[in-house]
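*Asks:* Quick one: this structure, given as structure tokens, is what I'll be asking you about.
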Amino acid sequence: MINISNEILNNILKEYEQKKTKAELDAINRKEKLYLTIPRLQAIEDELNKFAIQTTKNIINGNKEEINLLNDKINKLKNEKEQILNSKGIDLGYLKPFYECKKCNDTGYITSDNKTTMCSCLKQKLLNITFNNSNLSNLDKENFKKFNELMYSDEVDIAKYKYNVSPRKNILNIKEKAIEFIENFDNPDYKNLLFTGNSGLGKTFMTNCIAAEMLKKEKTVLYQTAPVLLENVINYKMSKNKDNLFNFYNSVLESDLLIIDDLGTESQNSMKLSELFTIINTRLLNSNNKITKTIISTNLGIKEIFNFYEERIGSRIAGYYDIYYFFGDDIRFKINK
């Protein structure tokens, strides 16, 4: 059972504070250097600050006429500032802090409608520390930029591969469908993904490619092998000391993308089957009022899934997942040559 302590969260939030402070200090330095080069910008800033104070006083006194006059002056100054910057080929955003996360401005939290929630960037960092530390460690090596279809044979051999297309054409089709999945992630009509085939055919690589792109889109990604995922879920449910700071079970159900690797390698019992069904079904129903998608990777074919699991699990996968078969020769031997 993995819990996130206040100490871990506080350390992360200190990192956020440092990032935020650095971004804001860098913006101040950029502004000071620019204003030395273009003194008129400094004069405009001083006038805007003066007018802002005057506007506040007039709002308190209820002087609407003066407020309208000040707003006109402020807008003229802002337009002049923008024109000066445009004439120098400088974007207005150059004077603002370059926050790493533009959603929370490197605070880790978002406030909307008087409600404060944890930003997806902080959720992902917590997920990475506790559950993804090994599973998502190779994204710099396993992404679409590193994809190489030449690792797959262009030979059509039905007797050998049992399919009437080459492994290369098949993997290119899977890549195309993976990109389509990423581009249409927020469309509820697009199905989840099941990658099936023997080991060493690129299922994990393709899954990592998708994970890398989803992280770029600021989606939360939880990546677990089936044995570890189900053990953690059961341990969490049976624990009396449930972590209120960062609820693991909610993360399983609510992460934008859940990746379940090595389905079929877990030991089975009725509790695990029940939890697996709950996870798959809850995410299909979007019960948490958000679109969630799942990728399952397994050595089992769809018929074996029906035999290995109860019918309600097999039927959910068959009905709500696009199934892609990986075949060919073990590419691990080619990579290591």
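*Asks:* Relative to the present Cα-Cα distance, how much length would full extension add between residue 117 and residue 154 at 0.36 nm per residue of separation? The partial results should precede the final answer.
*Replies:* Values: separation 37, 0.36 × 37 = 13.32 nm, distance 5.00 nm.
Result for the pair: 8.3 nm of gain on full extension.
*Asks:* Within the range 258-320, what whole-number % of the accessible surface is contributed by carbon and sulfur, with the 1.4 Å probe and all protein chains included in the calculation?
*Replies:* On the way: 1340 of 2790 Å².
Answer for the range 258-320: carbon and sulfur cover 48 percent of the accessible area.
*Asks:* Additional query: What percent does the relative contact order of the chain come to when contacts are Cα pairs within less than 8 Å and at least six residues apart?
*Replies:* Values: 392 pairs, mean separation 65.4, N = 337.
Rounded, it is 19 percent for the chain.
*Asks:* Report the residue, chosen from 125, 64, 290, that carries the largest GNM mean-square fluctuation when the chain is represented by alpha-carbon nodes joined by springs under 10 Å.
*Replies:* Comparing 125, 64, 290 in the GNM, the peak value goes to 64.
*Asks:* In addition: Using helices alone, I'd like the mean residue ellipticity at 222 nm for the chain: each DSSP H run of four-plus residues gives -39500 (n - 2.57), total over residue count, nearest 500.
*Replies:* On the way: 13 runs with 180 residues, N = 337.
Mean residue ellipticity, 222 nm, calculated: -17000 deg cm²/dmol.
*Asks:* Could you state how much accessible area residue 156 has, in square angstrom rounded to the nearest 10, with a 1.4 Å probe and all protein chains kept in place?
*Replies:* 90
*Asks:* Take the solvent-accessible surface of the protein heavy atoms, probe 1.4 Å, and return the percent of it on the range 1-99 that carbon and sulfur atoms account for. Before the final figure, lay out the partial values.
*Replies:* Details: 3560 of 6920 Å².
Answer for the range 1-99 is 51 percent, counting heavy atoms of protein chains only.
*Asks:* Can I ask one more? Does the range 1-144 come out rounded, prolate or oblate by the C-alpha gyration tensor, with a ≥ b ≥ c the root eigenvalues, rounded set by a/c under 1.5 and, if not, prolate when a/b is larger than b/c and oblate if not?
*Replies:* On the way: a/c = 3.16, a/b = 1.88, b/c = 1.68.
Prolate.
*Asks:* Let me ask another. Taking only Cα atoms and a 10 Å spring cutoff, compute GNM fluctuations for the chain and point out the largest among 55, 278, 265.
*Replies:* 55
*Asks:* Stokes-Einstein at 25 °C, 0.890 mPa s, Kirkwood radius from Cα pairs: D for the chain in µm² s⁻¹? Kindly include the intermediate steps, with their values, before the conclusion.
*Replies:* Values: Rh = 23.9 Å.
It diffuses with D of about 103 µm²/s by this estimate.
*Asks:* Under 19 Å Cα-Cα from residue 102, which aspartates and glutamates qualify once same-chain neighbours fewer than 8 residues away are excluded?
*Replies:* 15, 17, 24, 26, 91, 113, 213, 218, 256
*Asks:* State in Å² the accessible area per residue of the chain; use a 1.4 Å probe, count heavy atoms of protein chains only, and round to the nearest integer. Intermediate values should be presented prior to the final figure.
*Replies:* Details: 18950 Å² over 337 residues.
Here the per-residue accessible area is 56 Å².
*Asks:* Antiparallel versus total DSSP beta bridges in the chain: what percent is that, nearest 5? Before the final figure, lay out the partial values.
*Replies:* Numbers: 4 of 24 bridges.
Close to 15 percent.
*Asks:* What FRET efficiency, computed as 1/(1 + (r/R0)^6) with R0 = 25 Å and r the Cβ-Cβ distance, is obtained for residue 86 and residue 36, rounded to the nearest 0.05? Walk me through the numbers before you get to the answer.
*Replies:* Numbers: r = 20 Å, r/R0 = 0.78.
With R0 = 25 Å, the Cβ-Cβ based efficiency is 0.80.
*Asks:* Of 28, 59, which has the most accessible area with a 1.4 Å probe, and how do the rest follow in descending order? Don't skip to the end; give the middle numbers.
*Replies:* Working: 28 85, 59 110 Å².
The ranking, largest first, comes out as 59, 28.
*Asks:* Ranked by accessible surface with a 1.4 Å probe, highest first, in what order do 168, 332, 283, 40 come? Present the calculation step by step, with values, prior to reporting the outcome.
*Replies:* On the way: 168 60, 332 120, 283 5, 40 85 Å².
Ranked from most to least accessible, the order is 332, 40, 168, 283.
*Asks:* While we're on this one: If you rank 275, 304, 47 by how much accessible surface each has, with a 1.4 Å probe, what is the order from largest down? Walk me through the numbers before you get to the answer.
*Replies:* Working: 275 20, 304 95, 47 55 Å².
Solvent-accessible surface, decreasing: 304, 47, 275.
The values are calculated or read from the model by the stated rules, or taken from the named source; none is laboratory data. Since the model is a prediction, treat every value here as computed from it, not as a measurement. Here the Cβ is made from the backbone with ideal geometry for all residues, glycine too, and neighbour counts use every protein chain on show. Please note that ligands, DNA and RNA were not included when accessible areas were found on the heavy atoms of the full protein model with its side chains. Shrake-Rupley method; radii C 1.70, N 1.55, O 1.52, S 1.80 Å.
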